[in-house]
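No lab work stands behind these numbers, since they all come straight from the coordinates. Values in this document were obtained by computation on a predicted structure and should not be read as measured data. Don't worry about glycine lacking a Cβ; one is built from the backbone with ideal geometry, like all the others, and counts go over all protein chains shown.
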Amino acid sequence: MNRTAALAGKQGARVILLVAILGVSGVFLGLAVGYPLSKVSFEESDAVRLDQSRLAGQIDPADAVLVQTDLPLGWEPGDPGIAAFGILGSDFCGEQVPLPTQLSDLETAVFSNEPDSSVLIAQAVRVDRWQNARTYIDDVSSAVEECDRFFRTGLDGSRVPVNIDDGTSQPPVTDYVSRRFVAQEGTSVQTWSMMAVGDVVVALLYGGPARPQEGLISDLEDKLLVRLDPEDFAPGGVAPSTTSTVAEVDPTATSVLEGGAADESEVPTVPPPADAAEPDN
């Protein structure tokens, strides 16, 4: 009986010791995992998560391109033929990223700033589903994350290395992608962005010999969002009036792209978009 009691006592002691070891291990494991996580600083973002299903079918793509009053002084209506260099439907890093099924014409607007030979191309198109508009943005984002440099063909037929940098620093909405293409020889820069607003894909592209003025693209994106989604972006939820349009200044400045290609010699400061690029493998 005493022997049985002694064995039971030893077994109980082992159980207690095992529980204690597991308890201490658990504490240290918790510290090992919890301490680093407690030191992680998660980057905050002011990007708005749009209710895309609410906006689907509510936006006219013609309202999703820039008008004269959106731009700073110095910008004037440009050659509509340059719209062929827009970014929508381009290849990125050698990867084809086709647009979803279009339910509208591709709306475009072109503006130029003569003093620094820069241009702005705005594009917008309605696609078949708001989910597909969002997927297109995701696919473009995935494509440009695959490389940080590609090659394009220069006007003289040479291969020009183009570096890829981050675009705007503060995305206005979550369904958004932006990048900057910088020709390595320093002769040209493209800064572009895309975002999904309901079932409409909106794109802006700046091209010139140098980077755009600080905050230019972000400011233009904000003006478009105020017009397209006043509930989320306009003070009091009311969109401002846009009575002054490009058509009032120059009826040929805003047009629907029907196809064809622009003469590259007319826009020497604007590098061709990524669809003419060869990836740097």
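One table, with the values for the structure above:
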quantity: Whole-number D in µm² s⁻¹ for the stretch 159-203, Kirkwood Cα-pair radius fed into Stokes-Einstein, 4 °C, 1.567 mPa s; calculated: 111
quantity: Additional length obtainable on full extension of the chain from S45 to Q131, 0.36 nm per residue less Cα span; calculated: 28.7 nm
quantity: Neighbour-limited loop hits for chymotrypsin sites (Phe, Trp or Tyr not before Pro), the stretch 41-123 (at most 12 other Cβ within 10 Å; DSSP other than H, G, I, E, B); calculated: F42
quantity: For D232, net neighbour charge (Lys/Arg +1, Asp/Glu -1) across residues whose Cβ lies under 15 Å away; calculated: -3
quantity: Inter-label distance for D232 and S117, nm, one decimal - labels placed 7 Å from Cα along Cα-to-Cβ; calculated: 3.9
quantity: V173 long-range amide H proximity, modeled H, under 5 Å; calculated: V48
quantity: Filtered GluC sites (Glu not before Pro), the stretch 42-134: DSSP coil and at most 11 other beta carbons within 10 Å; calculated: E43, E44
